[in-house]
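Asker: This is the structure I have questions about; it appears just below.
The values are calculated or read from the model by the stated rules, or taken from the named source; none is laboratory data. Quantities reported herein were computed from a predicted structural model and do not represent experimental measurements. Methodologically, a virtual Cβ is constructed for each residue, glycine included, from the backbone with ideal geometry; neighbour enumeration extends over all protein chains shown.
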Amino acid sequence: MAEIIVVTSGKGGVGKTTSSAAIGTGLALRGHKTVLVDFDVGLRNLDLIMGCERRVVFDLVNVINNEATLNQALIRDKRTEGLYILPASQTRDKDALNHEGVERVLNELSEMFDYIVCDSPAGIEKGAQLALYFADTAIVVTNPEVSSVRDSDRILGVLQSKSRKAENGEQVKEHLLLTRYNPARVQAGEMLSVEDVQEILAIPLLGVVPESEAVLKASNQGQPVVLDSESDAGQAYMDAIGRFLGEEREHRFLEVQRKGLFSRVFGRKG
Amino acid sequence: MNSETRISEAPLFQFKNSRVSLNELVLLDYDESRLKAELERHAARLPSLFRQMPVLLNLERLPADKPLPPLDELLAVCRDSELNPIGIRGNSRYDEALCQSLGLSCFGAGARTERSRDETATEVKPDPVAEPPEVAASTEVVEERGSKTRILTTPVRSGQQVYVQGGDLIVLSSVGAGAEVMADGNIHVYGPLRGRAMAGVSGDSGARIFCQSLEAELISIAGYFKACEDLQSEHWKKPVQAFLSGTRLDTVLL
């Protein structure tokens, strides 16, 4: 039985898809057979971030409608062993998803994989609700600004009331992933600090990913940022995955990085 | 002259906003004899519940292709089973004049019917003008089980509503911005109170609100409220209790 992880946020544009790609790839790099499922039907992005957009033939909606088998729709990642992608449909909308269909697909995936990472669409409507309904674990992606924190709080409420676990009287495991963190701006008082966000959301902190040029570069190259092991964001995601798998890892990238003389003179490649 | 002297006299009534929890009778299909038999079976099992229980009729889920049940017949079936239909929820198909002549109020559509129990607990907000006076007295039957105080150990998140009927609400965690906690009795919040808290919602002016850190969007007791702007005094982010002195809502440090 696989563990179903939903990557969600409520708000759009905070880095759900980037984080899904990074977490899925990271779990596979750590030797766990993982599938990334894109629930953002109609606004398909995960395949772009994963660099497999040209290999999409069938998608999640086809599988739900029994127009294709799961094996036909799953795309094997060429860079990372044990990583598969189930893309969303770009030509349909969220109404194409239904409860029974999603459950059947997840059950089937559950027998093939260790982890199922669901990339949730933004919002709290049907698409987002279906993505989180079956989750065992939620990774709530939040930016250090008030509207994102408010929306995360909202989605945590939805997780507590509208997930399968909640309906069975259990609790979905909740993790906070703070992305686009900029220590310099926190210091200047322009951005909420880790402590501020944690104080409001009151869930365990999985990781803090610094704002980084590497993320945009990786997205545009269709390369999950964890594969760039030199980058701060890539390292932060790998730390978060380590913590997710139960390891003790200190939080890095929370302080302003002082540029040493060496890097000031010679510069450093981001 | 006469009318002017009347104005200066003490008022005879006042309108108050009140919330009561009502049950809905959601009809999935209509067959007079079957409905009658099923209602009677329910009534036999839960006689205390059916003692003139006020209900809203919800006909939104009746199959659209079938003819509507005759309203007077439906009312008779309900009343025979000791149900007291007081209104129709989301009425779009019956003539309003017909409803009025049968003494039924029309309520808004039940767009939130799929919400969780916490959220639906407060879903019914009858229009205070349309609401028959006997409702408030008889709904108590519905909630008469166990202790009336409710204790929440997890944060109340943005967008969630919690309402405790006829008792106190104790929140051991925080109440997030955009969340609403309501109780007929007192409200205690042992984390930061950032959302809205309404105590004494059914009119108990002796109810109080206690919190460890007052950062609320609004607090209200028995309908008298203070919004965030007025709360940002020296008591902001401090442990505070709020109570009514006459018609003034006071906050005092704990």
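Asker: Which of the following residues is within 14 Å of chain A (Cβ to nearest Cβ) and buried (at least 16 other Cβ atoms within 10 Å of the Cβ): B:L214, B:L172, B:L249, B:L152?
Answerer: None of the other options fit; the residue is B:L152.
Asker: Additional query: Take region A:1-48 and flag every residue that is under 13 Å from the mean Cα position of the chain (by Cα) and of a type in the set (G, A, S).
Answerer: Matches in region A:1-48: A:S9, A:G10, A:G12, A:G13, A:G15, A:S19, A:S20, A:A21, A:A22, A:G24, A:G26.
Asker: Does region A:231-238 contain any residue that is in contact (Cβ under 8 Å) with a residue 12 or more places away in the chain, assigned to a helix (DSSP H, G or I), closer than 22 Å to A:G12 by Cβ and out of contact with any Phe, Trp or Tyr (no Cβ under 7 Å at 6 or more places or on another chain)?
Answerer: yes
Asker: So is B:G159 over 20 Å from A:V197 (Cβ atoms) and either crowded, with 24+ Cβ neighbours inside 10 Å or within 14 Å of another protein chain (Cβ to nearest Cβ) (or both) or not?
Answerer: Judged against the criteria, B:G159 is not a match.
Asker: Condition first: free of Cβ contacts under 8 Å to residues at least 24 places away in the same chain and within 14 Å of chain B (Cβ to nearest Cβ). Now tell me which residues in region A:182-202 satisfy that.
Answerer: A:E195, A:Q198, A:E199, A:A202
Asker: Right, here's the next one. Could you check region A:36-75 and list, in sequence order, the residues that are under 25 Å from A:Q129 (Cβ atoms) and part of a helix (DSSP H, G or I)?
Answerer: A:L46, A:D47, A:L48, A:I49, A:L60, A:V61, A:N62, A:V63, A:I64, A:L70, A:A73
Asker: Output the number of residues of region A:218-246 satisfying the condition of being over 18 Å from A:C52 (Cα atoms) and under 19 Å from the mean Cα position of the chain (by Cα).
Answerer: 17
Asker: Looking only at region B:153-186, filter to residues that are assigned to a strand (DSSP E or B) and of a type in the set (V, I, T); which one of those is nearest to B:V20 (Cα to Cα)?
Answerer: The residue in question is B:V164.
Asker: Anything in region A:53-63 that is surrounded by fewer than 20 Cβ atoms within 10 Å (Cβ to Cβ) and not acidic (D, E)? List them, or say none.
Answerer: A:R54, A:R55, A:V56, A:V57, A:F58, A:N62
Asker: Is it the case, given these coordinates, that A:L205 is more than 14 Å from chain B (Cβ to nearest Cβ) and modelled with pLDDT of 95 or more?
Answerer: Yes.
Asker: Which of the residues that make up region B:56-74 are surrounded by fewer than 18 Cβ atoms within 10 Å (Cβ to Cβ), free of Cβ contacts under 8 Å to residues at least 40 places away in the same chain and more than 9 Å from B:L28 (Cα to Cα)?
Answerer: Within region B:56-74, B:A64, B:D65, B:K66, B:P67, B:L68, B:P70, B:D72 meet the criteria.
Asker: State whether one or more residues within region B:180-188 are at pLDDT 90 or above and within 22 Å of A:L159 (Cβ to Cβ).
Answerer: Scanning region B:180-188, I find at least one residue that is at pLDDT 90 or above and within 22 Å of A:L159 (Cβ to Cβ), so the answer is yes.
Asker: Suppose the filter is within 13 Å of another protein chain (Cβ to nearest Cβ), part of a strand (DSSP E or B) and either among the aliphatic types (A, V, I, L, M) or more than 19 Å from B:P239 (Cα to Cα) (or both); does B:V189 pass it?
Answerer: No.
Asker: Continuing with the same structure: So which residues in region A:213-243 are of a type outside the set (A, V, I, L, M) and surrounded by 23 or more Cβ atoms within 10 Å (Cβ to Cβ)?
Answerer: A:P224, A:G234, A:Y237
Asker: For region A:135-170, what are the residues that are more than 14 Å from chain B (Cβ to nearest Cβ) and over 16 Å from the mean Cα position of the chain (by Cα)?
Answerer: A:P144
Asker: Somewhere in region A:83-94, is a residue in a loop (DSSP other than H, G, I, E, B), of a type in the set (D, E, K, R) and out of contact with any strand residue (DSSP E or B) (no Cβ under 7 Å at 6 or more places or on another chain)?
Answerer: Yes, because at least one residue in region A:83-94 is in a loop (DSSP other than H, G, I, E, B), of a type in the set (D, E, K, R) and out of contact with any strand residue (DSSP E or B) (no Cβ under 7 Å at 6 or more places or on another chain).
Asker: Here are some conditions: (1) within 14 Å of chain B (Cβ to nearest Cβ); (2) farther than 16 Å from A:A22 by Cβ; (3) buried (at least 20 other Cβ atoms within 10 Å of the Cβ); (4) in contact with a strand residue (DSSP E or B) (Cβ under 7 Å, 6 or more places away or on another chain). A:K173 meets all but one. Which one does it not meet?
Answerer: (3)
Asker: In region B:175-186, how many are within 13 Å of chain A (Cβ to nearest Cβ) and acidic (D, E)?
Answerer: Qualifying residue count, region B:175-186: 1.
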